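Here you go, one structure.
The values are calculated or read from the model by the stated rules, or taken from the named source; none is laboratory data. This structure is a prediction, so every number in the text was calculated from the model and none was measured. Cβ placement follows ideal geometry from the backbone for every residue including glycine, while neighbour counts extend to all protein chains displayed.
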């Protein structure tokens, strides 16, 4: 990784851009602070943060070791927290920032042998969703947002003009070497995904809290959605399993499903029972 950082600084196609390397680990709070401090020392400000550090240690769930689990969670999930927190402090003080997290379809849809990777990437989405809009968020729901970081961050930064979004790219990279056939690899170059990240980091972008999936020039918004479900009982009497069974087709239906902006809106679907 040190060699890659050195190459990034000295590569001939930098188009006149300046770069600075930091060799701290993203997986510690001190490392995260030092990374942000390196940017401040070199450029005087932090306007954009792209969290893209990652490793893979794939293994089937029943054979995965605790170390393999912890290593992947530390880099992807804890690393996102450790770097983002000090960066957001700088952005809040300036009243501006653009943040892009990196998630994965492995977390959103599943992939064989990647329970650690998928769990970490869904955690990243949860951070984003809370940071995007803090002023309307009710703190008593905080324990319910275990699905990830993005969902949290979007709620807490909106009044500071900090936009936070997440990309879930498919690409031929060092982490995916050998996964794709050669004829596919040459069509899913990482640079095909870069324009979305560039736009999300621009002043023109006014959106926050979105997930974008992409591959080879195909781009789409992805989202977690909920169906309307079913109200059973009257919120006073007990509910039996047979009632759930009899309404299960309605409960599991995604007809007319849609995304919701924060967790309080989901539970409003049960308002006929709760009255609020």
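Kindly establish whether residue 120 is out of contact with any strand residue (DSSP E or B) (no Cβ under 8 Å at 6 or more places or on another chain), outside any strand (DSSP E or B) and modelled with pLDDT of 90 or more.
For residue 120, the condition - out of contact with any strand residue (DSSP E or B) (no Cβ under 8 Å at 6 or more places or on another chain), outside any strand (DSSP E or B) and modelled with pLDDT of 90 or more - is met.
While we're here: Inside segment 88-114, can you point out the residues that are over 14 Å from residue 166 (Cβ atoms) and part of a loop (DSSP other than H, G, I, E, B)?
Scanning segment 88-114 gives 95, 96, 109, 110, 111, 112, 113.
With at pLDDT below 95 and in a helix (DSSP H, G or I) as the only criterion, which of 6, 19 stands out?
Only one candidate passes the filter, namely 6.
Now for a different question. Looking only at segment 162-190, filter to residues that are assigned to a helix (DSSP H, G or I) and more than 20 Å from the chain's Cα centre (by Cα); which one of those is nearest to residue 94 (Cα to Cα)?
174
Across segment 1-60, what is the total count of residues that are under 25 Å from residue 131 (Cβ atoms) and either under 24 Å from the mean Cα position of the chain (by Cα) or surrounded by 15 or more Cβ atoms within 10 Å (Cβ to Cβ) (or both)?
28
Sort through 103, 53 and tell me the only one that's in contact with a strand residue (DSSP E or B) (Cβ under 7 Å, 6 or more places away or on another chain) and assigned by TED's automatic domain parsing to the domain that holds residue 174.
Checking each option against the conditions leaves just 103.
Within segment 22-37, which residues are in contact with a strand residue (DSSP E or B) (Cβ under 9 Å, 6 or more places away or on another chain) and part of a loop (DSSP other than H, G, I, E, B)?
26
If you scan segment 154-186, which residues turn out to be out of contact with any helix residue (DSSP H, G or I) (no Cβ under 7 Å at 6 or more places or on another chain), closer than 18 Å to residue 127 by Cβ and at pLDDT below 90?
None; the set is empty.
Inside segment 257-271, can you point out the residues that are in contact (Cβ under 8 Å) with a residue 12 or more places away in the chain and under 11 Å from residue 229 (Cβ atoms)?
Step one: filter segment 257-271 for residues in contact (Cβ under 8 Å) with a residue 12 or more places away in the chain, giving 257-264, 266, 269-270.
Selection gives 257, 266, 269, 270.
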